[in-house]
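One structure is given below, encoded as structure tokens.
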Amino acid sequence: MGSFHKFSAFKRPALFIALSYVFLLAGCASLPNIREVLRGPTTTEGTPPTIVGAHRRLTARQSRAVIEKLKRQSLPTDILERHLAIEEAISGNPLVAGNRVTLLIDGPATYAAMSEAIQNARDHVNVETFTLAADNIGRGFADLLARKAAEGVRVNLIYDGVGSFATPAAFFEYLRCRGIQVLQFNPINRLLVLGKWPLTHRDHRKILIVDGTVAFTGGVNISSVYSKSPSEPVRGNDGHLAWRDTDVRIEGPAVAEFQKLFMDTWKREKGPELSKGNYFPELESGGNELVRVIGSTRGEKNRSTYLAYLAAISFAMDSIHLTSAYFVPDGQTIRALADAAARGVDVKIVLPSQSDWKLTFYAGRAHYSRLLRSGVKLYERRSSTILHAKTAVIDGVWSSVGSTNMDLWSFLRNDEVNAVIFGPHFATQMEGMFERDLEGSEAISLEKWERRSLAERMKELFSRSLGYWL
């Protein structure tokens, strides 16, 4: 999850006690059953999914033309149409055509692209993040936002109260004093009214929107842990390892979907009235990518990112390549992965070999034996890197980059956002990134895994018992 796990509640007794108390009161919600969801109406065979363009909903003929253009980028296949139809059945989010999507690998590339976009801002900058740290990266980001506010650009910021718990209040007051509207998501002091604002409900999204024309999303928080590239050796006196992560930059009509999510959060959290701005400008087609922006909120009826992942895995025909920083899968996900491997799908998952959150790390490892026996291939990143990415590429046509981890905290409790990109062009870039992650990882064999020590098994057993809260 980032810096909240980094500073660890166990090192702060007051917060740990508060968290434990809230956990006991929060109740036990559950995830939706994918089979029941898919019993509803599905796309009729031969009928293209609903697609929105730059100015209006596309006709059936125009939608077919978009899909045929994507299909021509690879060998003739019905795999793309299959994924489009399944997601049409489960998602209430529009499928948006005419976007340009740029893959940003790791913090340095992401921060450089974000800084360039903010520097070019003319109307507004909207930021929604889990962690905004008061370190070198965070201060540089704050100073850039302050300069744009001084130029008359509207700057609005949402940060999570737990994710940014270690950031001093003075840091955010500095931003307010420079004309930036700052909103804290679900502050910890709401523990005084536990029944209304559970502490377990967090805003884990990472969204940056500039002038309503360009958006960024992915797993990168605003923190110096992302300032190094994993391809570089550890440097500096702190000895900190580089964090491996992924973001995307999106131009085109899909940007409006990110803006809607930001505005909805601002409204739900009762933020101050936003100053007038051109938040939803007329957007022209920026490229050829087909994008669905999926946002989820707390509660079992709003788990859109979970359903999108599970449906894509369940109906995969050729390959499932996942990169997951925090991996504590629920029963449905485990069955879907095992079933896919059993029917001959190439299922590979890149996981961390170390983590900033040990309970989650060992709870995930508790599932390795079952997955390995089913034919799922597991890999762990070498210890020179902290893995924080949450990405997927399935069947060479379905790609996802976002904030959602494969654990119950993300699937059930957090506000999350993922960009799902359809088509082989972007998927080819994702596959290239995945192959590089494989090269930096070690394969986990069942034979070797079964020889792990009793101490490791006990850590897994204990952590797995807490899996519902990880």
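Take the Cα of ARG122, step 7 Å toward its Cβ, do the same at ARG61, and the gap between the two points is 3.6 nm. Rounded, prolate or oblate for the stretch 248-404? Axes are the square roots of the Cα gyration tensor eigenvalues, ordered a ≥ b ≥ c, and the cut-off for rounded is a/c under 1.5. Prolate. Using a 7 Å offset from Cα along Cα-Cβ at ALA166, what residues in the stretch 237-274 end up with backbone N under 13 Å from the label point? Counting backbone N atoms under 13 Å from the label point, the list is 240-241.
Taking a point 7 Å from the Cα of GLU442 along the Cα-to-Cβ direction, the residues of the stretch 339-370 with backbone N closer than 15 Å to it are 351-355. Beyond 17 Å, how much of the Cα-Cα pair distribution for the stretch 357-470 remains, as a whole percent? Tail of P(r) above 17 Å: 65 percent of Cα pairs.
Just check the stretch 297-354 against the gyration tensor rule for me: Cα atoms, a ≥ b ≥ c as the square roots of the eigenvalues, rounded for a/c under 1.5, and otherwise prolate or oblate depending on whether a/b exceeds b/c. Oblate shape, in that a/c is at least 1.5 and b/c is the bigger or equal ratio. Applying both filters, DSSP loop and at most 14 other Cβ atoms within 10 Å, to the trypsin sites (Lys or Arg not before Pro) of the stretch 238-279 gives LYS270, LYS276.
Quick note: the coordinates plus some simple rules give every number you see, no bench work behind them. Fair warning: this is a prediction, and the values are worked out from it, not measured in the lab. Please note: Cβ atoms are built from the backbone with ideal geometry, for glycine as well, and neighbour counts cover all protein chains shown.
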